[in-house]
């Protein structure tokens with residue numbers, strides 16, 4: 001066992017930190033919790049792209065860097081630490097690109113990967129539906145093959161950034177007669193295609209990043225199919241492991257932690273044992289989470305699929321994020337109620353993060369679903385069927 | 001970064017697992033709990049034969065020259081097996097302390113005997129104050145000619161009743177000094193306490209025990225810095241044992257929930273049980289990585305006050321949670337003495353409070369956070 005980062009990795013981390021600190025100093029952005037979900041800034045994404053940090057692990061021939069998963073983890077750890085607005089390129093970088101590399105045609109890879117890498121093309125993910133949340137495989141949005149195209153009808157929900165993405169990575173049913181897991185396919189669809197309507201969903205914080213997306217006789221070319229028709233569920237399974245495995249499941253609201261530490265230091269609150277123990281608990285639990293997520297990257301770097309490790313890391317990590325938000329609110333007391341303005345403590349970050357925090361353990365797989373995955377895939381317990 | 005065990009560590013782990021399955025079955029564990037000495041001389045000899053008693057000591061002292069991380073791998077298996085006897089006391093508390101603080105002469109004389117399985121050691125640190133701070137030590141050592149004379153009461157001393165040597169922390173004036181004490185010296189009386197883990201913790205009364213000045217370990221008055229290192233090593237080592245115990249409880253619980261049928265199906269197919277098991281798995285993996293990170297840092301000599309404290313704080317609580325959920329899943333079956341669950345449940349609580357409980361280590365973490 002060796003927990004040490006290589007010199008190159010340490011240099012890479014410092015390089016990212018320096019870049020981000022400079023950008024903060026230049027006023028490009030302010031550290032913000034949940035910025036990977038809400039901080040949509042094409043300009044900033046292009047700056048990140050300019051550094052070569054999108055598609056870090058992808059093949060060079062598409063413009064990638066062919067670096068390791070640990071490098072990518074270092075990159076995500078740092079952009080999350082500083083709450084940088086990386087939402088625009090996040091889904092493309094995290095899962096659309098890897099999925100195309102695994103399942104796409106050469107033509108599709110050439111069409112999309114270089115643009116993702118350059119920060120010129122942004123994706124949203126069309127997965128959940130009103131009747132298909134945790135039971136994603138029951139989804140009903142239909143793609144019917146007709147002549148030279150597919151016709152898509154149905155509705156997606158909780159689609160983050162659908163109102164500003166260029167393309168949607170869409171999961172649909174291509175054969176309603178097959179068992180539910182076997183009739184699913186994946187498509188990449190241009191959001192400007194006629195028949196797509198996006199309606200906003202304002203979350204309980206008052207932010208708009210989620211949407212409903214309606215598909216009404218949307219014609220897409222056959223070349224929009226990713227991978228094999230009706231094999232989509234098995235392609236998604238791996239994709240969900242990527243989606244669940246990252247640092248964003250532990251560090252979504254990390255800027256709150258940084259600000260809370262400053263607040264405690266400035267107020268000399270560590271003298272209060274109740275506060276100091278809460279802070280120590282957070283520090284310890286964060287470190288455990290960090291190691292669990294590094295483990296996922298390490299499993300990936302060994303060429304293995306983290307098929308329960310990522311579920312384990314996410315359910316643990318999102319628990320931590322909720323605890324962080326709540327602990328910050330406990331420390332802030334009355335001041336924690338103020339969302340903005342000069343009386344808002346920690347710039348209102350803890351307050352907004354607290355409001356946002358029920359979402360952590362729901363999005364990307366609820367903790368209950370993930371625990372069932374840990375039990376069945378990880379521990380080999382029998383399924384309930 | 002490499003989160004797998006090395007080939008050598010995998011081999012050590014497998015050999016240890018096999019050896020302990022054969023040589024330390026639960027029948028022996030139970031027998032040793034009832035046994036007055038709690039120590040099987042036969043098992044001890046066999047462990048020495050495996051090289052375990054010298055595992056972590058340099059070859060020049062008759063050891064195998066392996067490092068603390070290797071020792072952690074072995075301790076994990078020992079925790080899994082609920083190994084009875086004075087291995088932890090002798091190697092972690094005694095031998096490693098000698099290796100750090102002993103003079104060349106002391107090391108050359110004693111460590112080979114430890115490695116050979118000829119000497120049992122322990123650490124007489126805590127007292128009725130039940131604290132891991134220098135203020136908690138009232139036992140006094142007064143200089144008298146060529147000797148020190150030690151008087152006081154030590155409490156929770158593991159395996160003192162069978163030890164050949166004890167390392168005793170005593171007050172010399174305002175400061176603490178460590179002494180290497182012949183455990184059979186006149187004036188020492190030992191009583192085995194009846195404890196939750198039946199792990200032979202003792203009360204040791206020092207009544208004017210004469211110890212030659214040559215038996216001071218390290219500098220006179222320089223003992224507490226050594227004690228801090230001892231506690232750090234012992235806490236990390238205890239975590240490794242706890243990881244092994246927690247892993248075994250998880251495996252027992254998963255096996256049981258696959259076999260136990262209620263409502264016409266294995267209880268492990270019910271989500272309520274699955275989620276208990278998943279929560280246990282999260283805790284066990286958490287324990288594993290935070291513990292091995294600490295052990296790795298100790299091995300490589302990196303400063304790791306905070307990392308060890310994080311490991312012990314987390315693992316203390318997590319192992320307790322794991323055993324509690326294990327009991328819940330086992331139902332009435334796990335509640336009886338004949339079942340193995342109780343062996344782990346009792347040990348988890350003992351391990352939790354030993355070498356600093358979660359509160360103690362959270363305080364260290366709070367200090368180390370630099371805010």
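The values are calculated or read from the model by the stated rules, or taken from the named source; none is laboratory data. If you're wondering where the values come from, they're calculated on a predicted model, not measured in any experiment. Ideal geometry is used to build each Cβ from the backbone, glycine not excepted, and the neighbour counts take in all protein chains shown.
Taken together, the residues in region A:327-368 that are in contact with a helix residue (DSSP H, G or I) (Cβ under 8 Å, 6 or more places away or on another chain), farther than 18 Å from residue A:256 by Cβ, in contact (Cβ under 8 Å) with a residue 60 or more places away in the chain and within 14 Å of chain B (Cβ to nearest Cβ) amount to 2. Go through region B:99-113 and give me each residue that's in contact with a helix residue (DSSP H, G or I) (Cβ under 8 Å, 6 or more places away or on another chain), part of a helix (DSSP H, G or I) and surrounded by fewer than 24 Cβ atoms within 10 Å (Cβ to Cβ). The answer is B:99, B:100, B:101, B:106, B:107, B:108, B:110, B:112.
Quick grid of which residues meet (1) touching a helix residue (DSSP H, G or I) at 6+ places or on another chain (Cβ under 7 Å); (2) under 16 Å from residue B:158 (Cα atoms); (3) modelled with pLDDT of 95 or more:
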residue: B:177; (1), (2), (3): yes, no, yes
residue: B:180; (1), (2), (3): yes, yes, yes
residue: B:186; (1), (2), (3): no, no, yes
residue: B:190; (1), (2), (3): yes, yes, yes
residue: B:203; (1), (2), (3): no, yes, yes
residue: B:206; (1), (2), (3): no, yes, yes
residue: B:223; (1), (2), (3): no, no, yes
residue: B:230; (1), (2), (3): yes, yes, yes
residue: B:237; (1), (2), (3): yes, yes, yes
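Give me the residue from region B:192-201 that is free of Cβ contacts under 8 Å to residues at least 60 places away in the same chain and in a loop (DSSP other than H, G, I, E, B) and, out of that set, nearest to residue B:158 (Cα to Cα). Spell out the reasoning first.
Going through region B:192-201, the residues free of Cβ contacts under 8 Å to residues at least 60 places away in the same chain turn out to be B:193-194, B:201.
Checking the rest, the ones that are also in a loop (DSSP other than H, G, I, E, B) come to B:193-194.
Numbers: B:193: 10, B:194: 12 Å.
This residue is B:193.
Residues that are touching a residue at least 40 places away in the same chain (Cβ under 8 Å) and within 14 Å of chain A (Cβ to nearest Cβ): list the helices (runs of 4 or more DSSP H) wholly contained in region B:304-370 that include at least 3 such residues.
Working: elements: B:305-330, B:341-353, B:358-368.
Fully inside region B:304-370 and qualifying: B:305-330, B:358-368.
Within region A:297-319, one or more residues are in contact with a strand residue (DSSP E or B) (Cβ under 9 Å, 6 or more places away or on another chain) and in a helix (DSSP H, G or I). Every condition in (1) under 14 Å from the mean Cα position of the chain (by Cα); (2) in a helix (DSSP H, G or I) is met by residue A:86 except one, and the failing one is (2).
When region A:43-65 is filtered for residues that are touching a residue at least 24 places away in the same chain (Cβ under 8 Å), more than 30 Å from residue A:361 (Cβ to Cβ) and in a loop (DSSP other than H, G, I, E, B), the ones remaining, listed by number, are A:51, A:58, A:59, A:63, A:64. Filtering region A:295-315 to residues that are at the interface with chain B (Cβ under 7 Å from one of its Cβ atoms) and surrounded by fewer than 24 Cβ atoms within 10 Å (Cβ to Cβ) leaves A:295, A:298. In the condition set (1) buried (at least 20 other Cβ atoms within 10 Å of the Cβ); (2) touching a strand residue (DSSP E or B) at 6+ places or on another chain (Cβ under 9 Å), residue A:222 is compliant with all but (1). Looking across region A:157-178, the residues that are assigned to a strand (DSSP E or B) and either closer than 20 Å to residue A:234 by Cα or at pLDDT below 95 (or both) come down to A:168, A:169, A:170, A:171, A:172, A:173. In the condition set (1) more than 14 Å from chain A (Cβ to nearest Cβ); (2) within 18 Å of residue B:92 (Cβ to Cβ), residue B:17 is compliant with all but (2). For region B:261-278, a residue qualifies if it is touching a residue at least 40 places away in the same chain (Cβ under 8 Å) and either at the interface with chain A (Cβ under 7 Å from one of its Cβ atoms) or not in a helix (DSSP H, G or I) (or both), and exactly one does: B:277.
Restricting attention to region A:138-156, the residues that are buried (at least 22 other Cβ atoms within 10 Å of the Cβ) and part of a strand (DSSP E or B) add up to 4. Can you name the residue in region B:51-63 that is out of contact with any helix residue (DSSP H, G or I) (no Cβ under 7 Å at 6 or more places or on another chain) and not in a helix (DSSP H, G or I) and, of all such residues, is farthest from residue B:9 (Cα to Cα)? Per the stated criteria, the residue is B:58.
The numbered conditions (1) assigned to a helix (DSSP H, G or I); (2) within 14 Å of chain A (Cβ to nearest Cβ); (3) crowded, with 17+ Cβ neighbours inside 10 Å are all true for residue B:66 except (1). Somewhere in region B:228-251, is a residue over 27 Å from the mean Cα position of the chain (by Cα) and assigned to a helix (DSSP H, G or I)? Within region B:228-251, none of the residues are over 27 Å from the mean Cα position of the chain (by Cα) and assigned to a helix (DSSP H, G or I). In region A:23-42, which residues are at negative phi and either over 25 Å from the mean Cα position of the chain (by Cα) or not in a helix (DSSP H, G or I) (or both)? Within region A:23-42, A:25, A:26, A:28, A:29, A:30, A:31, A:32, A:33, A:39, A:40, A:41 meet the criteria.
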